[in-house]
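Trainee: Can you read through this structure? Questions will come right after.
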Amino acid sequence: AAEVVVRVFSSESLEVEIAGDFSEWKAIPMEREGSYWVARTRLRSGKYFVGVRTNQGPWRAPRNLARVRDDFGGESGIIVIP
């Protein structure tokens, strides 16, 4: 399994969460590191879909990831682990 680090720049947010198929779409709180919010996890080889939200707002694909339309009219980010 590879360690994956997701960083979200959001200096004004009080809370940032991440969710994906790797967490069965359960929200995981991210930790503040300066102006960034960070989540670290270990993932096996494969393709994963992920979303983030700030301050209980709508779920969005992280800006620096490739995106795909989801089944709910939104977008999810894609993480690929070789």
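Trainee: Across segment 66-77, in residue order, what do the Karplus-derived ³J(HN,Hα) couplings come to in whole Hz, using 6.51 cos²θ - 1.76 cosθ + 1.60 with θ = phi - 60° and x for Gly and Pro?
Mentor: In residue order, the calculated couplings are 4, 10, 9, 5, 9, 6, 10, x, x, 10, 10, x Hz.
Trainee: How much of the accessible area of the chain, in percent, comes from carbon and sulfur atoms when a 1.4 Å probe is used?
Mentor: Roughly 49 percent of what the probe reaches on the chain is carbon or sulfur.
Trainee: Give me the net charge for the shell around ALA61: Cβ to Cβ below 13 angstrom, other residues only, Lys and Arg +1, Asp and Glu -1.
Mentor: +3
Trainee: Considering amide H positions built from the backbone, and no H for Pro or chain starts, which residues 5 or more places from VAL4, or on another chain, come under 5 Å of its amide H?
Mentor: Those qualifying (amide H under 5 Å, at least 5 residues apart or on another chain) are THR41, ARG42, LEU43.
Trainee: Taking all pairs of different Cα atoms in the chain, averaging 1/r and flipping that mean, what Kirkwood radius in angstroms comes out?
Mentor: Answer for the chain: a Kirkwood hydrodynamic radius of 12.8 Å.
Trainee: So what are the ³J(HN,Hα) numbers for segment 15-30, from phi and the Karplus equation (6.51, -1.76, 1.60; θ = phi - 60°), rounded to whole Hz, Gly and Pro as x?
Mentor: For segment 15-30, the Karplus curve yields 7, 9, 10, 10, 8, x, 5, 5, 10, 6, 6, 8, 5, 10, x, 8 Hz.
Trainee: P(r) for segment 26-68, please, calculated from all Cα pair distances in 5 Å bins and given in %.
Mentor: Per 5 Å bin, starting at 0, the Cα pair percentages come out as 5, 15, 27, 29, 17, 6, 1.
Trainee: What does the accessible area per residue of the chain come to in Å², with a 1.4 Å probe and no ligands, DNA or RNA counted?
Mentor: Solvent-accessible surface per residue comes out at 68 Å².
Trainee: Give the residue list of GluC sites (Glu not before Pro) in segment 1-41 that are DSSP loop and have at most 13 other beta-carbon atoms within 10 angstrom.
Mentor: Listed in order of number, the matching sites are GLU12, GLU24.
Trainee: Would you mind checking which residues have amide H under 5 Å from ASP70's amide H? H placed 1.01 Å from N; only 5 or more apart, or other chain.
Mentor: GLU75, SER76
Trainee: Can you check what the net charge comes to around ARG40, using other residues whose Cβ is under 11 Å from the Cβ of ARG40 (Lys, Arg +1; Asp, Glu -1)?
Mentor: Combined, the nearby Lys, Arg, Asp and Glu give -1.
Trainee: Tally Lys/Arg at +1 and Asp/Glu at -1 over every other residue whose Cβ is under 12 Å from the Cβ of ILE81; what's the total?
Mentor: Net charge in that neighbourhood comes out at +2.
Trainee: Residues of segment 50-79 with the amide nitrogen closer than 11 Å to a label point 7 Å from the Cα of SER13, along Cα-to-Cβ, please.
Mentor: Residues passing the 11 Å test: 51-63.
Trainee: May I ask for the longest run of the chain untouched by chymotrypsin sites (Phe, Trp or Tyr not before Pro) that are loop-located per DSSP and have at most 14 neighbouring C-beta atoms (other than their own) within 10 Å?
Mentor: After excluding every exposed loop site, the longest remaining stretch is 26-71.
Trainee: Quick query: amide H of MET30 versus all other amide H atoms, modeled in the peptide plane; which residues come in under 5 Å with a sequence gap of 5 or more or a different chain?
Mentor: VAL16, GLU17, ILE18
Trainee: Continuing with the same structure: What list of ³J(HN,Hα) values in whole Hz, one per residue of segment 49-63 in order, does the Karplus curve 6.51 cos²θ - 1.76 cosθ + 1.60 (θ = phi - 60°) give from phi, with Gly and Pro shown as x?
Mentor: 9, 8, x, 10, 9, 10, 6, 6, x, x, 6, 9, 6, x, 4
Trainee: Another one. DSSP loop trypsin sites (Lys or Arg not before Pro) in segment 44-78 with at most 12 other Cβ atoms within 10 Å of their Cβ, which ones?
Mentor: Here the trypsin sites (Lys or Arg not before Pro) that fit, given the DSSP loop and packing criteria, are ARG44, ARG63.
The values are calculated or read from the model by the stated rules, or taken from the named source; none is laboratory data. Predicted model, so just to flag it, every value in this text is computed and none were measured. Ideal geometry is used to build each Cβ from the backbone, glycine not excepted, and the neighbour counts take in all protein chains shown. In case anyone asks, the SASA skips ligands and DNA or RNA and just uses the protein heavy atoms, side chains included. Shrake-Rupley method; radii C 1.70, N 1.55, O 1.52, S 1.80 Å.
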